[in-house]
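Okay, structure first, notes after.
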Amino acid sequence: MRATKLLTSALAVLLALSAAGCTIGAKALAAPAEAIDPRLAEANLGFALTLYRELLAIEPRPNLFISPVSIGMALAMTYNGAAGTTQAAMAKALGLDGLTLEELNAANAELLTILNNPDPKLQLKVANSIWAERNMTFLPDFLERNERFYQAEVTALDFADPQALLTINSWVKRQTNGKIDRIINQLDPMDVMVLVNAVYFKGNWTDRFDPAATREGPFTVADGSVKQHLLMHRTGQYRYLEGDGFQAVGLPYGGGRVSMYVFLPSETSSLDSFHARLTPEAWQEWMAAFSNSEVRLALPKFRLEYDQELTGALTALGMGIAFEAGRADFSGMCPPPARPYIGEVKHKTYVDVNEAGTEAAGVTAVTIRVTAMPRIAELTVNRPFFFAIRDDKTGTLLFMGSVADPR
């Protein structure tokens with residue numbers, strides 16, 4: 001089934017933001033009893049929208065779907081090992097300048113607790129893990145903070161063993177209920193750690209669409225041509241907004257804590273024009289302006305998968321130093337002489353929107369590499385050998401010989 005550009009591109013960021021617990025205006029959705037540090041909420045919203053627009057600019061595709069909370073969590077775990085100019089660059093890119101490391105970790109711990117205890121009518125699960133090369137030494141404080149604040153499962157693996165890759169990807173598959181079965185295709189010989197976040201969401205609409213009302217209808221795609229596509233139909237009370245150059249509707253799931261917001265640019269406008277106006281300030285204004293209205297709604301059914309390597313986008317946001325071997329400073333992660341740096345940031349998502357509701361998953365993996373990987377060499381002396389005893393101060397050979405039969 002053809003996924004559609006007009007609604008799904010806007011839906012991509014909006015669904016992810018809703019699931020991430022971003023601030024929503026009082027008229028749009030009553031705020032949950034739980035709340036996180038407003039500085040983190042502001043930082044997360046700014047990072048989400050900035051990264052989304054950067055990805056649109058770097059590699060235009062018909063559809064784009066990201067999980068900002070997944071990317072943010074994985075990078076926050078990594079940020080715990082950053083220092084100096086690398087830490088400053090990551091703070092700027094993530095919008096964390098107003099938060100100390102301790103405040104960031106406490107706020108993210110609070111966010112995790114809230115997200116993992118959602119509306120009982122929904123499934124929302126956020127999980128973190130750290131996979132560490134067993135022959136590499138990592139600072140205990142770094143690992144302890146990630147275990148404590150991010151509930152990260154820390155596991156030591158032999159990255160040279162092909163089973164390591166299977167182990168990491170199997171964890172991803174479990175955490176996403178099988179919707180994403182692989183995030184890493186191979187481990188580089190210099191890889192020493194993989195930090196992974198997984199988000200899984202499944203929610204039924206508060207008011208489901210009747211499958212009998214689903215029928216094909218015309219849909220104008222990006223190039224202006226008209227295609228036939230399955231559209232779901234329903235008339236009911238929804239949160240609705242008519243803005244400058246767009247219409248928008250809020251579709252609640254379950255008990256109403258999480259919603260999907262769909263923004264449809266007018267026929268005289270375009271999705272590009274809407275994206276140009278998609279700022280944190282505008283978003284907050286729009287959220288506060290929704291009000292209840294009777295809406296006759298037609299919404300496409302669609303299913304899509306998206307994957308992207310985020311190095312280019314994150315570099316454009318200002319944290320390029322974190323990817324530079326020899327310049328990146330992650331001294332809070334490993335003791336000298338190791339010089340860790342980020343090798344890549346892989347992101348994958350999945351979404352299925354149908355008459356019953358929505359199922360979505362997102363995974364982010366941050367791979368840490370070193371310029372020279374310390375390995376434990378194996379030497380089993382089980383055949384004839386030569387040996388010598390030397391005074392290393394003078395270079396004098398005190399004894400030397402060979403052994404062909406140690407019996």
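The values are calculated or read from the model by the stated rules, or taken from the named source; none is laboratory data. Since the structure is predicted, the reported quantities are computational estimates derived from the model, not experimental observations. Reconstructed Cβ throughout: ideal geometry from the backbone, glycine too, with neighbour counts over all protein chains shown. We work out accessible area using only protein heavy atoms, side chains counted, and drop any ligands, DNA or RNA first. Shrake-Rupley method; radii C 1.70, N 1.55, O 1.52, S 1.80 Å.
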**Asked** Once the dipole of the range 204-307 is set up with Lys and Arg at +1 and Asp and Glu at -1 on Cβ about the Cα centre, which of PRO218, PRO252, TYR240 lies farthest towards its positive end?
**Response** PRO252
**Prompt:** Once Lys and Arg get +1 and Asp and Glu get -1 on their Cβ, which of LEU187, ALA88, GLY72 lies farthest toward the positive end of the dipole of the range 43-195?
**Reply:** GLY72
**Prompt:** How big is Rg to Rh over the range 102-151, alpha-carbon atoms, Rh as the Kirkwood inverse-mean-distance radius?
**Reply:** 1.09
**Message:** Give me the mean projected area, in nm² to one decimal, of the convex hull enclosing the Cα positions of the range 186-310.
**Reply:** 11.5
**Fill in**
Here, ARG182 and SER266, labelled 7 Å along Cα→Cβ, have an inter-label distance in nm of 4.7
**Asked** Tell me, what % of the accessible area of the range 206-290 is carbon and sulfur with a 1.4 angstrom probe?
**Response** 49
**Prompt:** Arranged from highest to lowest average of other beta-carbon atoms within 10 Å per residue, in what order do the peptides 69-78, 183-192 appear?
**Reply:** 69-78, 183-192
**Message:** I need the peptides 292-302, 243-253 ranked by packing, meaning the mean over residues of other C-beta atoms within 10 angstrom, with the highest value on top.
**Reply:** 243-253, 292-302
**Message:** Longer than 18 Å from Cα to Cα, which of LYS202/LYS346; LYS125/LYS346; LYS179/LYS202; LYS125/LYS173; LYS227/LYS348; LYS121/LYS202 are they? Say none if no pair is.
**Reply:** LYS202/LYS346; LYS125/LYS346; LYS227/LYS348
